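These notes concern the structure reproduced below.
The values are calculated or read from the model by the stated rules, or taken from the named source; none is laboratory data. Predicted model, so just to flag it, every value in this text is computed and none were measured. Neighbour counts run over all protein chains shown; Cβ positions are idealised from the backbone, glycine included.
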Amino acid sequence: MLLLPAAAEAQAGRTPQRNGTAAKAGHVRARRAAMEKLASRDPARLATTLAERYWGTVPCGGQVSVQADQPLAAGMDATTDGWVTFESSLGPNNLQAPASSYTQCAISLARWQWPTQAEQAGDWNMFCLTVVHEMGHLLGHQHSLTPGSVMAPVFTDEASVPPICREARLPVEASAGLTGGR
Ligand SMILES: [Zn+2]
């Protein structure tokens, strides 16, 4: 068995006299190690996993392809950073159709915004939020003007970033070599 640095530290730091505290710290570190393991995969995959957890369900029968580094199609607003494509009972990409009819679902993430995995990791909060937002569309959610909603049509600050994305930020940055770790 290979001990990740965080796990090794959790073992060394165990204090039998203070079981409660030690167990709690160990638990946090184990979660962190698990997150670092996840983060060592590509950011798009991690964001997809977190988006599924955020919504507590998976759209399109679990068949969603997530493609980063995509060029904007002709006619697309130049500020578009993510979008969905799918077939529906009302034709292609029709968000008025019931989400239960969506097939061939894909989330695309714009190259101009996040051309590399390092940039996806470096702009993690907004990258993760965008994946959560697009996954919401595939679940049939329309845009919302409720302050702080992940379904806001435009993000002007990080207020809409879900905690599940924020929690992953340091591990993602660390695994991308962007920070010294903790
Ligand atoms: Zn949208």
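Tell me yes or no: at least one residue of the stretch 32-52 is buried (at least 20 other Cβ atoms within 10 Å of the Cβ), within 15 Å of the ligand (Cβ to nearest atom) and in a helix (DSSP H, G or I). For the stretch 32-52, residues buried (at least 20 other Cβ atoms within 10 Å of the Cβ), within 15 Å of the ligand (Cβ to nearest atom) and in a helix (DSSP H, G or I): present. Within the stretch 67-93, the set of residues being over 18 Å from the mean Cα position of the chain (by Cα), at positive phi and more than 15 Å from the ligand (Cβ to nearest atom) comprises Gly75, Gly91.
Remark: Ser89 matches the filter, which requires a residue to be assigned to a loop (DSSP other than H, G, I, E, B) and hydroxyl-bearing (Ser, Thr, Tyr). Within the stretch 156-170, take every residue that is in contact with a Leu (Cβ under 9 Å, 6 or more places away or on another chain) and at pLDDT 90 or above and give me the one that is farthest from Thr48 (Cα to Cα). Taking the candidates together, the pick is Ser160. Between Pro163, Pro147, Pro171, the distinction of being touching a residue at least 60 places away in the same chain (Cβ under 8 Å), farther than 23 Å from Val84 by Cβ and in the same structural domain as Val58 (by TED's automatic domain parsing) belongs to Pro171 only.
Mind listing whichever residues of the stretch 146-182 are β-branched (Val, Ile, Thr) and either touching a strand residue (DSSP E or B) at 6+ places or on another chain (Cβ under 9 Å) or within 12 Å of the ligand (Cβ to nearest atom) (or both)?
Val150, Val154
The residue of the stretch 57-66 that is nearest to the chain's Cα centre (by Cα), among those that are without any contact (Cβ under 8 Å) to a residue 60 or more places away in the chain and over 11 Å from Gly136 (Cα atoms), is Ser65.
Does the stretch 113-145 hold any residues that are farther than 20 Å from Leu178 by Cα and either more than 14 Å from the ligand (Cβ to nearest atom) or under 11 Å from the mean Cα position of the chain (by Cα) (or both), and which are they? Residues satisfying the conditions are Thr130, Val131, Val132, His133, Glu134, Met135.
Here is the figure for the stretch 94-108: residues that are surrounded by 16 or more Cβ atoms within 10 Å (Cβ to Cβ), in a strand (DSSP E or B) and more than 13 Å from the ligand (Cβ to nearest atom) total 2.
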